[in-house]
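First comes the structure, then the notes that go with it.
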Amino acid sequence: MTETSTMQPTHANRVSDTETRVERRFDAPVERVFEAWSRPELFRQWWLPATFGLTMVSCEMDVRTGGSYRLEIGHPQSDQPMAFHGRYLEVVPNEKIVWTNEEGGEGGQVTTVTFAPDGAGTRLTVTDSFPSKEALDAEIGSGAMEGMPEQLAQLDRLLGGAAA
């Protein structure tokens, strides 16, 4: 899965039976990209793929090691929002955010986002580790990975990058 509608393509791949990796370069400094992932008022502006018809009902994020998050997302075919929640296992400002996704059971999914300087821009890598092959298959089957290129294109626009 690769999105190439902008000058900065998103590369999304399954790298093992239990892991996916998404990479993209942004024409913005690491500090700005990190802020967009760690400040709720920015995060809620780009996180949901616009074409999915979802709405961010609430976004609570305490982005620090030991902190937690809770997102409530409205779906046009349901009168009840979907809740996603977890804990931040490791937060290193401008370098890394690691969190759990605890709503699914099976020990949960762990997401690691790294921010690396790349010239004047940022190389972003998102790695999702699942507790089993079946859990990853279910995630891919739900279409969640399909939305990542659109999400990151929205982030690019928010940052004033190539997709603006």
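The values are calculated or read from the model by the stated rules, or taken from the named source; none is laboratory data. Keep in mind it's a predicted model, so treat the numbers as computed, not measured. Cβ placement follows ideal geometry from the backbone for every residue including glycine, while neighbour counts extend to all protein chains displayed.
Counting just the residues of region 138-164 that are at pLDDT 90 or above and among the charged types (D, E, K, R), which one comes out surrounded by the fewest Cβ atoms within 10 Å (Cβ to Cβ)? Looking at residues that are at pLDDT 90 or above and among the charged types (D, E, K, R), I get R157. Residue check: is V15 of a type in the set (V, I, T), over 18 Å from T114 (Cβ atoms) and surrounded by fewer than 17 Cβ atoms within 10 Å (Cβ to Cβ)? No.
Filter the strands (runs of 3 or more DSSP E) completely within region 85-145 down to those with at least 2 residues that are touching a helix residue (DSSP H, G or I) at 6+ places or on another chain (Cβ under 7 Å). Even if it seems obvious, please write down each step before you answer.
Details: elements: 96-101, 109-118, 121-129.
In region 85-145, the matching strands (runs of 3 or more DSSP E) lie at 109-118, 121-129.
Quick check, is V57 crowded, with 19+ Cβ neighbours inside 10 Å and among the β-branched types (V, I, T)?
On the way: crowded, with 19+ Cβ neighbours inside 10 Å: no; among the β-branched types (V, I, T): yes.
So V57 fails the test.
In the condition set (1) over 14 Å from the mean Cα position of the chain (by Cα); (2) part of a loop (DSSP other than H, G, I, E, B), L48 is compliant with all but (1).
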